[in-house]
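Visitor: Quick one: this structure, given as structure tokens, is what I'll be asking you about.
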Amino acid sequence: MSAEAVAPAPGAAGALAPHVVADPDHIVVRGLHKTYPGTSVAALSDVELVVPRGTFVSLIGPSGCGKSTLLRAVAGLEGFDDGSITIFGATPEEACTAKSVGLVPQAPALLPWLTVRQNVELPHKVNRRADRRRAERERKHPVPSSPGLDAFADVDSLLDMVNLTDAADKHPGALSGGMQQRVAIARAFGLRPEILLMDEPFSALDEFTREALRLQLLTLWQRMRTTVLFVTHSVREAVTLSDQVVVMSARPGQVHEVIDVDLPRPRGADVLLSPQLHTIEDRVRASLQGAWEAGAAPVDLVAG
Amino acid sequence: MAAHGTSTAQDGTSAASPHVYTASAAHGHAVTAVTDTTPAGGTPVVPAPAEQPGPALSAQTTSPAGRVSATSRGRSRFPRSLRPSTWLPTTVSVVVVALAWSWVASENKYLLPPLSAVGDLLVEDSALFASNAWATLQIAIVGLGIGFGAAFVLAVVMSEIGVLRRAIMPLAIVLNVTPVVALAPALVVAFGFGMTPKVIVTAIITFFPVLINVTTGLRSVPVPVLHVFSTLHASRLEVLLRLRMPSALPFTLAALRVVLPLSIVGAVVAEFVAPGSSSGLGTMIKTSAANSQLAQLYAAIAWLAAMGVVMLLLITVIEKRLLFWHESQQGATS
């Protein structure tokens with residue numbers, strides 16, 4: 001079959017204007033506009049964002065600020081009216097075709113009839129052509145093998161990294177919400193994606209589980225420093241995880257401010273108690289307050 | 001053995017229960033008494049009851065084999081299916097209906113035949129009924145196979161190609177609201193008195209529920225999962241086979257649950273309308289009625305009912321095996 005599953009947004013493929021320089025080391029969002037049919041206010045208005053390879057970036061803002069829309073646009077799941085998105089020089093559709101986009105949605109989105117192991121292996125069962133191409137590319141241009149990275153290619157060590165070895169043969173229905181989300185994270189990391197998109201992955205979990213999963217995610221990311229776009233409602237979460245926090249404002253959805261988080265890495269439980277973290281949290285909160293008050297009023301854009 | 005089992009239980013807690021369980025396999029009755037005395041785990045067991053012959057003996061004399069294993073498993077003294085609260089209401093209602101039936105039959109033998117007459121016939125002519133049931137069952141199964149297969153394939157095609165859905169769905173709905181019985185004589189004219197018109201009637205009757213359910217099932221895929229497949233750039237075929245088809249399985253089996261008994265209804269109705277062959281329970285019912293052989297008529301009906309029950313049991317077993325992961329099977333233990 002030549003036609004594709006969920007037709008990637010037409011804008012995502014076609015709107016790549018020739019003047020945009022394809023940057024192999026950045027995710028570049030330029031002048032992104034999106035208005036949902038039947039609404040008067042733009043969901044995204046002139047959004048500019050540049051994310052260097054290997055950084056962890058959080059998107060935060062009041063509801064309706066378009067952070068999830070932006071994430072879906074980067075994933076090629078949603079079209080847009082104007083502007084461009086390039087992922088290390090490729091369009092979102094090309095990036096998906098090459099299987100270099102990992103997605104962790106809010107709901108774990110596991111297949112209930114498969115075991116945990118089969119769910120984690122699922123990305124390797126579909127679109128095998130991309131895997132073959134990747135293997136070929138790696139044969140021609142061998143990347144230095146590192147044990148830390150190779151572990152992500154092996155399902156058993158991957159399950160071990162998220163402490164799911166004992167649950168490997170269980171079905172998702174038998175797992176708690178936190179464990180299910182760990183499976184979804186393992187599935188996305190197992191893809192060894194160039195960009196990992198996480199859409200409020202912990203928002204349905206209780207506070208303790210959320211805290212534990214943040215630390216686990218930090219550990220995983222420390223081993224595979226892929227580029228992450230992380231949508232969240234939690235200031236604590238954004239600051240704990242990220243190198244940069246992108247604060248967005250609503251009506252229309254815009255980038256309000258980009259705040260650098262210069263906490264040392266790797267971050268463990270000790271860093272999370274440091275006064276420095278609280279200072280940055282306060283900055284983000286103040287910025288959010290500003291974004292909230294900005295509301296529909298025009299704001300000076302601060303692009304990263 | 002019994003002494004060993006008791007001393008393990010004496011160690012204290014519910015952790016000892018696996019030992020009790022194994023012991024019960026070998027020495028069921030003695031241990032029965034032990035577990036009976038430990039309703040809430042944690043309390044040390046008094047060894048005395050195990051040595052008292054009383055309760056052990058009574059268990060031995062009054063309970064069937066199933067009871068012992070159930071006792072060692074749970075708190076209740078009966079497995080669920082043997083508990084009076086489960087079987088008593090059914091038994092009472094069956095007895096009441098049988099009594100009412102017998103009373104009516106004794107008052108007027110043209111309303112209902114005596115149950116004993118029906119029972120005698122079922123035993124004496126069992127071969128006759130079996131061969132007629134087989135004839136009807138063949139029609140039902142072949143018709144169901146064709147109706148189910150056609151509906152499933154069409155549902156898949158329609159879910160993939162929107163134009164075809166808009167083209168086919170209205171026709172399918174018209175076919176559904178058309179009384180198929182009315183179609184049967186025309187089918188007899190077209191295909192003669194053989195098996196063909198009957199199979200077609202059955203296929204048409206079973207077609208629509210499958211079509212609707214499978215179509216709904218193929219579309220009942222959560223959006224986040226579709227998004228994950230989409231970012232993986234999975235092909236339509238991969239989405240269909242790995243995502244949509246398994247998601248549709250609960251809906252497909254629910255359709256089968258409706259359609260399996262319906263296939264027998266279809267076959268019998270077809271035999272009513274399109275007689276010709278001398279076999280089949282439907283034909284049998286029709287001739288019995290013409291000759292006022294009420295006992296034979298109700299014996300045939302009993303066979304049809306039994307076939308329906310067996311089919312429902314079959315589909316329940318299949319659902320348990322295939323849908324262990326689905327919500328509908330949660331809490332459906334034992």
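Where a number appears in this text, it was derived from the coordinates with a stated rule and is not lab data. Fair warning: this is a prediction, and the values are worked out from it, not measured in the lab. For neighbour counting, all protein chains shown are included, and Cβ atoms are generated from backbone atoms with ideal geometry for every residue, glycine included.
Visitor: Restricting things to alpha carbons, find the Rg to Rh ratio for segment B:122-329 using the Kirkwood radius for Rh. It would help to have the intermediate numbers written out before the result.
Guide: Numbers: Rg = 20.0 Å, Rh = 18.7 Å.
Taking Rh as the inverse mean 1/r over Cα pairs, Rg/Rh reads 1.07.
Visitor: I've got another one for you. What's the exposure ranking of A:LYS34, B:LYS286, A:LYS67, B:LYS320, going from fewest to most Cβ atoms within 10 Å?
Guide: Details: A:LYS34 24, B:LYS286 18, A:LYS67 29, B:LYS320 11.
Taking fewest neighbouring Cβ atoms as first place, the list is B:LYS320, B:LYS286, A:LYS34, A:LYS67.
Visitor: Here's a follow-up. Please identify the chymotrypsin sites (Phe, Trp or Tyr not before Pro) of segment B:164-224 that satisfy two criteria: DSSP loop assignment and at most 16 other Cβ atoms within 10 Å. Which are they?
Guide: Numbers: sites: B:PHE191, B:PHE193, B:PHE207; in loops: B:PHE193.
Hits after loop and neighbour filter: B:PHE193.
Visitor: Can I ask one more? Please arrange A:LEU288, A:LEU197 by counting, for each residue, the other beta carbons lying within 10 Å of its beta carbon, fewest first.
Guide: Values: A:LEU288 22, A:LEU197 25.
Fewest-to-most ranking of A:LEU288, A:LEU197: A:LEU288, A:LEU197.
Visitor: Give a quick list of chymotrypsin sites (Phe, Trp or Tyr not before Pro) in segment A:178-212 that DSSP marks as loop, anything other than H, G, I, E or B, with at most 12 other Cβ atoms within 10 Å.
Guide: Details: sites: A:PHE189, A:PHE202, A:PHE208; in loops: A:PHE202.
Sparse-neighbourhood loop chymotrypsin sites (Phe, Trp or Tyr not before Pro): none present.
Visitor: Note the direction-averaged projected area, equal to a quarter of the hull surface, for the Cα convex hull of chain A, in nm². Mind showing how you got there, number by number?
Guide: On the way: hull surface 66.8 nm².
In nm², the orientation-averaged hull projection of chain A is 16.7.
Visitor: Along the three principal axes, how long is segment A:256-295 when you take its alpha carbons, biggest first, rounded to the nearest angstrom?
Guide: 36, 15, 11
Visitor: Still on this model: For segment B:209-334, count all C-alpha to C-alpha pairs, find those more than 19 Å apart, and express that count as a whole percent of the total.
Guide: Details: 4971 of 7875 pairs.
Counting every Cα pair in segment B:209-334, those more than 19 Å apart make up 63 percent.
Visitor: Students often forget the sequence filter, so: which lysines lie under 24 Å Cα-Cα from A:LYS170 once same-chain residues fewer than 8 apart are removed?
Guide: Within the straight-line cut-off, A:LYS170 pairs with A:LYS125, B:LYS320.
Visitor: Also: What does the net charge come to around A:SER45 if you take all other residues with beta carbon closer than 11 Å to its beta carbon, with K and R at +1 and D and E at -1?
Guide: Details: positive: A:LYS34, A:ARG251; negative: A:ASP46, A:GLU48, A:ASP81, A:ASP82.
Around A:SER45, the surrounding residues sum to -2.
Visitor: Taking neighbour counts of Cβ atoms within 10 Å as a proxy for exposure, in what order, fewest first, do B:MET245, B:MET284, A:MET161 appear? Spell out each step's value before the answer.
Guide: Working: B:MET245 16, B:MET284 26, A:MET161 22.
Exposure proxy ranking, most exposed first: B:MET245, A:MET161, B:MET284.
Visitor: Roughly speaking, what is the centre-to-centre gap between segment B:79-121 and segment B:213-266 when only Cα atoms are used, to the nearest Å?
Guide: 42
Visitor: Please report the net charge: other residues with Cβ closer than 11 Å to the Cβ of A:ARG225, K and R +1, D and E -1.
Guide: On the way: positive: A:ARG53, A:ARG223, A:ARG265; negative: A:ASP243.
Taking every other residue near A:ARG225 into account, the sum is +2.
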